1. Can you tell which of Met60, Met105, Met187 shows the greatest fluctuation in a Gaussian network model of the chain with Cα springs below 10 Å?
2. Amide H neighbours of Gly315 under 5 Å, at least 5 residues apart or on other chains, H built in the peptide plane: list them.
3. Need the C-alpha centroid separation for segment 81-103 versus segment 124-147, integer Å.
4. Which of Leu102, Ser126, Ala170 sits farthest toward the positive end of the charge dipole of segment 98-184, with +1 on the Cβ of Lys and Arg and -1 on the Cβ of Asp and Glu?
5. Identify, among Val21, His204, Asn159, the residue whose Cα sits farthest towards the positive end of the charge dipole of the chain, taking +1 on the Cβ of Lys and Arg and -1 on the Cβ of Asp and Glu, with the dipole about the Cα centre.
6. Highest first, please rank the peptides 261-267, 171-177 by the mean number of other Cβ atoms sitting within 10 Å of their residues.
7. For Val188, enumerate residues with amide H under 5 Å from its amide H, sequence gap 5+ or separate chain, H modeled in the peptide plane.
8. Once every DSSP H run of n ≥ 4 in the chain is given -39500 (n - 2.57) and the sum is divided by its residues, what mean residue ellipticity at 222 nm do you get, rounded to the nearest 500 deg cm²/dmol?
Amino acid sequence: MARNPNATPVPVERGSSPVVVTDSRNRQLRDLRISVTDRCNFRCVYCMPKQIFGRDFEFMERADLLTFEEITRLARIAVAHGVEKIRLTGGEPLLRKGLEELVGMLAALRTPEGREVDIALTTNGSALAVKAQALKDAGLKRVNVSLDSLDDATFKAVNDVDFPVAKVLAGIAVAHEVGLGPIKIDMVVKRGQNDQDIVPMAAHFKDSPYILRFIEFMDVGSTNGWKMEQVVPSAEVISAINAELPLEEVAANYPGETSVRWRYRDGGGEIGVISSVTQSFCHSCTRVRVSTEGKLFTCLFATDGHDLRALIRNGCSDEELSAVMAGIWRERTDRYSELRTATTNEIRAGKKKIEMSYIGG
Ligand code: SF4
């Protein structure tokens with residue numbers, strides 16, 4: 001087992017096709033989401049509630065985190081298995097020191113056919129104004145920015161750290177200026193918290209270069225107190241906007257796209273809805289996730305992951321790592337959102353689902 005970890009990469013020569021892997025439902029592995037930190041400077045109530053993630057919460061030590069070299073190695077192997085998009089998440093990924101360096105390492109990867117890999121990032125936007133240019137220069141292609149309201153009081157109540165909307169909007173503007181687009185703005189809609197802001201958000205971002213997306217509040221993890229009645233179905237979101245700003249549905253950009261696209265009939269741009277609760281999309285889910293300390297998860301609502309860090313730090317070869325990753329995907333059966341009901345949480349009592357702040361969206 002103890003081979004030199006710097007052994008030659010997975011034997012897939014440039015110009016040949018990737019060793020494509022499909023799971024038990026014939027879903028091809030295409031998207032890799034990598035959480036680079038479990039820390040965040042926000043305490044969004046639906047993701048990282050303060051009462052759980054307070055001052056005494058023990059975040060991971062630096063030595064526990066995958067290094068940039070380990071992340072890049074995993075990514076290189078995943079790309080050899082068909083991954084074409086890599087999304088960096090967290091916690092808040094811009095808190096990870098030297099993130100541009102990792103972006104540069106990932107941007108150097110090529111698919112077996114020689115194509116660039118699409119490197120994207122999901123952020124709360126708090127440090128975007130400062131970091132956007134360096135990330136762009138390192139090879140980052142796109143950013144998604146979470147913004148749950150334009151109303152400062154509502155936004156501060158959601159992020160629970162008094163962070164102002166204006167700073168996030170400033171970060172979005174800089175990211176646009178440096179060319180990290182099309183920028184997607186993600187709003188998690190929770191009834192009784194920010195559903196009154198659906199139409200104002202749409203009106204604000206209409207006729208802008210940004211794509212606003214409305215995400216149904218999900219029962220990710222087991223700390224956000226999720227209830228079905230707090231979910232605002234996407235159909236309701238669309239009809240609220242359509243009543244004031246007429247919309248028409250648009251075809252997906254690619255198979256497996258999580259967002260359903262709509263555009264303003266007057267040419268005023270595009271919005272999207274992500275409906276994991278009311279219109280599940282598990283049938284076309286091509287996403288795998290790696291946590292900050294190197295566990296592989298095949299579903300956002302998983303309870304258990306596969307420890308790849310142990311394999312790596314025990315000196316396994318690329319071929320062994322590749323075989324393990326491919327094997328995990330091939331055995332994948334996940335379809336949580338198809339099975340979800342208002343009582344799914346009780347049924348899974350005793351097995352804690354992974355937290356959004358740990359694995360990223
Ligand atoms: S619930 Fe799991 S399998 Fe279904 S779309 Fe989400 S991540 Fe994919």
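The values are calculated or read from the model by the stated rules, or taken from the named source; none is laboratory data. Small disclaimer: the values here were computed from a predicted structure and weren't measured. Note that each Cβ is placed from the backbone with ideal geometry, even for glycine, and that neighbours are counted across all protein chains shown. Ligands, DNA and RNA are stripped out before the accessible areas are found, and what is left, the full protein with its side chains, is counted by its heavy atoms. Shrake-Rupley method; radii C 1.70, N 1.55, O 1.52, S 1.80 Å.
1. Of Met60, Met105, Met187, the Gaussian network model singles out Met60 as fluctuating most.
2. Counting only residues 5 or more places away or on other chains, the set is empty.
3. 11
4. Leu102
5. Val21
6. Top of the packing list down: 171-177, 261-267.
7. Placed amide hydrogens put Leu147, Ile215 under 5 Å from Val188.
8. -8000 deg cm²/dmol
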